[in-house]
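Following: one structure in structure tokens, then a few remarks.
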Amino acid sequence: MEKINPVGIFPAPRYKDSGTTIFTVMSSMAQQYNAINLSQGFPDFDADGRLGEFLLEACSHGFHQYAPMTGLPMLRNEVSEYIFSTQEVRVDEDAEITITPGATSAIFTAFTSILQPGDEVIVFEPAYDSYIPNIEINGARAVTIPLSAPDFSIDWNLVKDAISARTKAIILTTPHNPTGATLKPNDWNTLAELVRNTSIIIISDEVYEQLVYDNEKHTGVLQHPELRRRAFAIYSFGKTFHITGWKIGYCIAPPVLTNAFRKIHQFLSFSVNTPAQYALARVLQQPPSQPANILLQQKRDLFLSLLGDTPFTFHRPSAGSYFQLAGYSRISNLPDYEFAAWLTKNHGVAAIPVSAFYRNRKDDKIIRFCFAKKDETLKSAGERLKNVVD
Ligand code: GLN
């Protein structure tokens, strides 16, 4: 094997603390052992067929060159209509919307556009795995607050205590990955009270906004007129249209934050794949007849009924997102990373160990399953999980 550093170069990485993201680790392991992959969050069912037709249309209409740095105007216009129809909020398509190469990139760009070394950012754990690395790469410090068991709600007293003169931002996620918990209007009201006389900026990761179940409605930061003036709201077409591989998302923020955001975006990404932006705009002109939350709620319910026949436990049905948490303490005492590897290798089902979402790898013996799969995939996984005994 070739030596890893044959000429002795020293890249001096800005960020040395992380291994490979758990989503890559578990998806590779699923492939290696030919397991059913309920780990990384991506659908295995078909996307809206019109997307392909519109991609071809984009190419035959000559949409081959750079899109504007801020995003294709026709797409920003459709996004603004989409936000109005789903959240009854008006956003300015030119001054407030930026199309990005995925939500992960938008979150990084938002952090980079506001953070200075020494700043603090409040993060709720379990936290999506990119947040803390993003903060630390920017020389800032993550101040973590645990979500409250058993329903993973926010204890606002802890937030009050965590706010300091150095708090630059608070990042929230709703629907929440990995827990599936959702924020309620009262959460936003309390947050508004806490930040009212500060310069704290809110970053709200709402990539699963469409996937809220049990007749509840998504409540996001844009719907709070006061908070909205200090917030980045981040979304993902990958989740909206079940096309995670398209890697296109968007950021909505007031002009002062959008200007800062674009200063980074223009030198990081510059712009986003033009034909794909065209296709997304065309699809948004005629939304699909079946709302995604109906489809995904059926899948959640199917998965939960299958899980009921296994030794796994769950506290409550996921209220939103692609994910359901499940406990395995009736099956094994293994740490969750080892349990997830064991389950993949020995029982052919891959899941995500939830300690990956804690900086200190707190292990509650819980794993995360993605139920955004064909019914037949879920049923095969259910059959395999039925036989799980230590
Ligand atoms: N958001 C996806 C998940 O939580 C993963 C995205 C990624 O792999 N970067 O599973």
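The values are calculated or read from the model by the stated rules, or taken from the named source; none is laboratory data. Everything quoted here is computed from the prediction, not taken from an experiment. Glycine also receives a Cβ, built like all others from the backbone with ideal geometry; neighbour counts cover every protein chain displayed.
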What's the total number of residues in the stretch 66-82 that are among the hydrophobic types (A, V, I, L, M, F, W, C), over 23 Å from the mean Cα position of the chain (by Cα) and not in a loop (DSSP other than H, G, I, E, B)? 1
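A quick yes/no check of all residues on (1) surrounded by fewer than 21 Cβ atoms within 10 Å (Cβ to Cβ); (2) within 16 Å of the ligand (Cβ to nearest atom); (3) under 26 Å from Met26 (Cα atoms):
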| site | (1), (2), (3) |
| --- | --- |
| Ala106 | no, yes, yes |
| Leu115 | no, no, no |
| Phe124 | no, yes, yes |
| Ser130 | yes, yes, yes |
| Ile135 | no, no, yes |
| Ala142 | yes, no, yes |
| Ser153 | yes, no, no |
| Ile163 | yes, no, no |
| Thr179 | no, yes, yes |
Could you tell me which numbered condition Arg368 fails, if it satisfies all but one of (1) more than 15 Å from the ligand (Cβ to nearest atom); (2) modelled with pLDDT of 95 or more? (1)
Assess whether Arg316 counts as being outside the structural domain of Ile243 (by TED's automatic domain parsing), in contact with a strand residue (DSSP E or B) (Cβ under 7 Å, 6 or more places away or on another chain) and in contact (Cβ under 8 Å) with a residue 24 or more places away in the chain. no
Could you run through the stretch 314-365 and say how many residues are in contact with a helix residue (DSSP H, G or I) (Cβ under 8 Å, 6 or more places away or on another chain), away from the ligand (no atom under 15 Å from the Cβ), outside any loop (DSSP other than H, G, I, E, B) and over 23 Å from Asn34 (Cα atoms)? 0
Among the residues of the stretch 366-377 satisfying the criterion of being part of a strand (DSSP E or B) and of a type in the set (A, V, I, L, M), which is farthest from Met29 (Cα to Cα)? Ile366
Against the condition touching a helix residue (DSSP H, G or I) at 6+ places or on another chain (Cβ under 6 Å), within 16 Å of the ligand (Cβ to nearest atom) and modelled with pLDDT of 90 or more, how does Phe63 come out, does it pass? no
Residue match in the stretch 126-148 (condition: polar (S, T, N, Q), in contact (Cβ under 8 Å) with a residue 24 or more places away in the chain, under 27 Å from Gly19 (Cβ atoms) and in contact with a Lys or Arg (Cβ under 8 Å, 6 or more places away or on another chain)): yes
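A quick yes/no check of all residues on (1) acidic (Asp, Glu); (2) over 30 Å from Ile145 (Cα atoms); (3) touching a Leu at 6+ places or on another chain (Cβ under 8 Å):
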{"position": "Ile294", "(1), (2), (3)": "no, yes, no"}
{"position": "Ser305", "(1), (2), (3)": "no, yes, no"}
{"position": "Tyr322", "(1), (2), (3)": "no, no, yes"}
{"position": "Thr344", "(1), (2), (3)": "no, yes, no"}
{"position": "Arg359", "(1), (2), (3)": "no, no, no"}
{"position": "Asp363", "(1), (2), (3)": "yes, no, no"}
{"position": "Ile367", "(1), (2), (3)": "no, no, yes"}
Please specify each residue of the stretch 181-214 satisfying the condition of being crowded, with 19+ Cβ neighbours inside 10 Å and among the acidic types (Asp, Glu). Asp205, Glu206, Glu209
I'd like to know if the stretch 125-142 contains one or more residues that are over 18 Å from the mean Cα position of the chain (by Cα), of a type in the set (Lys, Arg) and assigned to a loop (DSSP other than H, G, I, E, B). no
Give the residues of the stretch 30-57 that are assigned to a helix (DSSP H, G or I), surrounded by 18 or more Cβ atoms within 10 Å (Cβ to Cβ) and within 16 Å of the ligand (Cβ to nearest atom), sorted by residue number. Ala30
Scan Lys16, Lys3 and give me the residue that is within 23 Å of Tyr128 (Cα to Cα), more than 16 Å from the ligand (Cβ to nearest atom) and more than 22 Å from the chain's Cα centre (by Cα). Lys16
Note on the stretch 192-222: residues within 20 Å of Tyr128 (Cα to Cα) and among the aliphatic types (A, V, I, L, M) are Ile201, Ile202, Ile203, Val207, Leu211, Val212, Val221
Take Leu385 and tell me if it is over 28 Å from Pro133 (Cα atoms), in contact with a Pro (Cβ under 9 Å, 6 or more places away or on another chain) and assigned to a helix (DSSP H, G or I). yes
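A quick yes/no check of all residues on (1) touching a Phe, Trp or Tyr at 6+ places or on another chain (Cβ under 8 Å); (2) under 22 Å from Phe84 (Cβ atoms):
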site	(1), (2)
Tyr213	no, no
Gly220	no, yes
Gly245	yes, no
Ile252	yes, yes
Ala260	no, no
Thr274	yes, no
Phe303	yes, no
Leu307	yes, no
Phe312	yes, no
State all residues of the stretch 288-305 that are in contact (Cβ under 8 Å) with a residue 12 or more places away in the chain and part of a loop (DSSP other than H, G, I, E, B); if no residue qualifies, say none. Pro288, Pro291
Do we have Ile248 as under 30 Å from Phe152 (Cα atoms) and under 22 Å from the mean Cα position of the chain (by Cα) here? yes
